[in-house]
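The values are calculated or read from the model by the stated rules, or taken from the named source; none is laboratory data. The shown structure was predicted, so the numbers you read here are calculated from the model rather than taken from an experiment. FYI the Cβ positions are ideal-geometry reconstructions off the backbone, even for glycines, and counts take in every protein chain you see.
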């Protein structure tokens, strides 16, 4: 695979990182709509804000890991992972602080349900990766 095709494939919907982030965003929006319909608008936007409090920091971490670096070595990747994880933690604390201080009224239970549900979607990335590996193996075997 040449460099141009590889670059295009890494930015496509086939990329597990992008699929997980989109699934997290879809979960946040879906839960927000569900809570909005069942419990009212305060619960709806609280759930949505909880999901976004997860999705936005995860996007920061993903960008730190997948954006090309000047030094392609393993040391640069480890540094990017450390900086990305610290940034993700700082952004999560910042967003929760902003939500709790700026948003009134707020429903705490839907907020945390939205956050935890979006966080749990991360585990689907392992299933996506395993599924991608199974497809790759079957293509190599000619099946």
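So here's what we get for this one:
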read-out: Residue check, residue 13 modelled with pLDDT of 95 or more and either at negative phi or assigned to a helix (DSSP H, G or I) (or both); value: no
read-out: Residue count for segment 51-101, restricted to those that are under 26 Å from residue 26 (Cα atoms) and not in a helix (DSSP H, G or I); value: 1
read-out: Residues being modelled with pLDDT of 70 or more, over 19 Å from residue 61 (Cβ atoms) and touching a helix residue (DSSP H, G or I) at 6+ places or on another chain (Cβ under 8 Å) - total across segment 110-143; value: 4
read-out: Unique residue being within 18 Å of residue 119 (Cβ to Cβ), crowded, with 16+ Cβ neighbours inside 10 Å and either at pLDDT below 90 or more than 14 Å from the chain's Cα centre (by Cα) (or both) when the list is 80, 47, 90, 62; value: 47
